[in-house]
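I have placed the structure first, in the form of structure tokens, so that the comments after it can refer back to it.
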Amino acid sequence: VPQHVWRINLDTPEEAHQNLSFGAADRWWEQTDLTKLILASNKLQCLSEDVKLLPALTVLDVHDNELTSLPSALGQLENLQKLDVSHNKLKSIPEELMQLSHLKSLLLHHNELSHLPDGFGQLVNLEELDLSNNHLTDIPTSFALLINLVRLNLACNQLKNLPADISAMRSLRHLDCTKNYLETVPSKLATMASLEQLYLRKNKLRSLPELPSCKLLKELHAGENQIEILNAENLKHLNSLSVLELRDNKIKSVPDEITLLQKLERLDLANNDISRLPYTLGNLPQLKFLALEGNPLRTIRRDLLQKGTQELLKYLRSKMQDDVTSPNGEPPATAMTLPSESRINMHAITSLKLLDYSEKQAAAIPDEMFDAVRSNPVTTVNFSKNQLNDIPPRIVELKDSVCDVNLGFNKISSISLELSVLHKLTHLDIRNNFLTSLPEEMEALTRLQIINLSFNRFKVFPSVLYRMVALETILLSNNQVGSIDPLQLKKMDKLGTLDLQNNDLLQVPPELGNCETLRTLLLEGNPFRTPRAAILAKGTAAVLEYLRSRIPA
């Protein structure tokens, strides 16, 4: 920083020497001191202690430089209200900074801080504090004294826990702890009555915190954790909640109490393990956005999920009506009736046309399950997450109605011919088994649109797939497939998605570029050299164009 910048309050400016006609009233440099200094986006490696010559500063902005330390003289700028030292290379903060009792905004994000001074609580007037993208492993307990703090950002650090004392920050409205290593949240956090936005994404939480006093909480973001259970207790006090984001967790079911969140506008449950939903979800009056993709929902057809939130809510409301007027005199069952509650869920068979015997670790499907179907036309079968070695022979009894079969996560090593008889089949999920081949007889499945064969043991692309012309989606990731035939694939004019990630493809044939119906082609994680990762990252259209350019003339 040029020396005359630090001395701007002291020295007479150049123009005053050249022009002697300045009257007393015009001598501005004698009447006012510098209050704002912005040195952002330069290449400063240090700041001079001469900063103390500017005691009237209220704003000092040195973000986006190359500072590795700050001068202790900063502590003498007693009028300073905003200090931005973000995007530098600071490893520590001088203790003297804690003397800035008027400081309202302190921005320290994107530095290399691994610890903070214990005296942090002295900054009692602080309203905004951003410490995101540093290397912090803990927070000083004196944070509890920051009772005027409104926004606190701790995202992208290495915090394993939060001190319970931060619950004393009674003005805090926005708390961001995204991308740390939090396994729990202190129960005292529940008393923070001013909190409006809480971000806990990308941590290691196994459950949602209970927040009984957070009556003003409007947004709760807890995606990408390891949350398995959503309890009624987690939800029932959050009367003001408008955004609940829980995507990419391991949630298995949604409690009926979700309907207590009458102000909910956005609910994101994508990529969980939810198999059924409470129909009462359809009654949430403000809900504008509902994300459910990537769940093993067996009660809701895939095409319905793609029609958007309003259609989905309409469907859930209509199912509620069906339940209330259940014809066979049974008590109305919700979609939450779990198979474990009754050995056979007759409601699922009669109303939802679903035969479900999943997650039982069973070596065989009991005959009573098939007996219960009798003349009811079942469209969906879910036998996933068991210990089946073979396809249950009695599945042929469902051949005139079943469209969707899930046998994923079993120990099936070969496909018996029974499966080829299910002539109405449109969706077949056999992921995570021990398959090495498919029988040629599967060609008879002329309506099959989607097949999921990922996480099996295929060494070659099953040739029968080339002849199943209705196929729209082939998921074959995480096998050991070594080659594909682009000329055969080109004949599959409905094929839109082909997932071959994490296989053993040593080369990608350029002719694959002629398969112009492909909307999604996934090839990452194979040992081929070309196309390179940079081209793969540009998406399917770019990959196909690149391959076409390599076809020999």
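The values are calculated or read from the model by the stated rules, or taken from the named source; none is laboratory data. Keep in mind the model is a prediction, meaning the values are calculated, not measured. Cβ: placed from backbone, ideal geometry, glycine included. Neighbour counts: every protein chain shown. Each accessible area value is taken on the protein alone, full model and side chains, heavy atoms only, with ligands, DNA and RNA left out. Shrake-Rupley method; radii C 1.70, N 1.55, O 1.52, S 1.80 Å.
Structure notes:
- Extended-chain gain in nm, criterion 0.36 nm per residue less alpha-carbon gap, N125 and E441: 106.2 nm
- Simple spin-label estimate for R519 and E95 gives 6.4 nm between the two label positions (7 Å along the Cα-to-Cβ direction from each Cα).
- Modelled FRET efficiency - R0 30 Å, S105 with T184, Cβ distances, 0.05 increments: 0.50
- Mean residue ellipticity (222 nm) of the chain, computed from DSSP H runs ≥ 4 via -39,500 (n - 2.57), nearest 500: -3000 deg cm²/dmol
- The angle between the Cα long axis of helix 309-324 and the main principal axis of the chain comes to about 50°, on a 0 to 90 degree scale.
- Span from the the range 220-274 Cα centroid across to the the range 73-137 one, whole angstrom: 35 Å
- Excluding ligands, DNA and RNA, the accessible surface per residue across the chain is 47 Å² with a 1.4 Å probe.
- For the chain, with all protein chains in place and a probe radius of 1.4 Å, 49% of the accessible heavy-atom surface sits on carbon or sulfur.
- Cα-based shape type of the chain, given that a ≥ b ≥ c are square roots of the gyration tensor eigenvalues and the cut on a/c is 1.5: prolate
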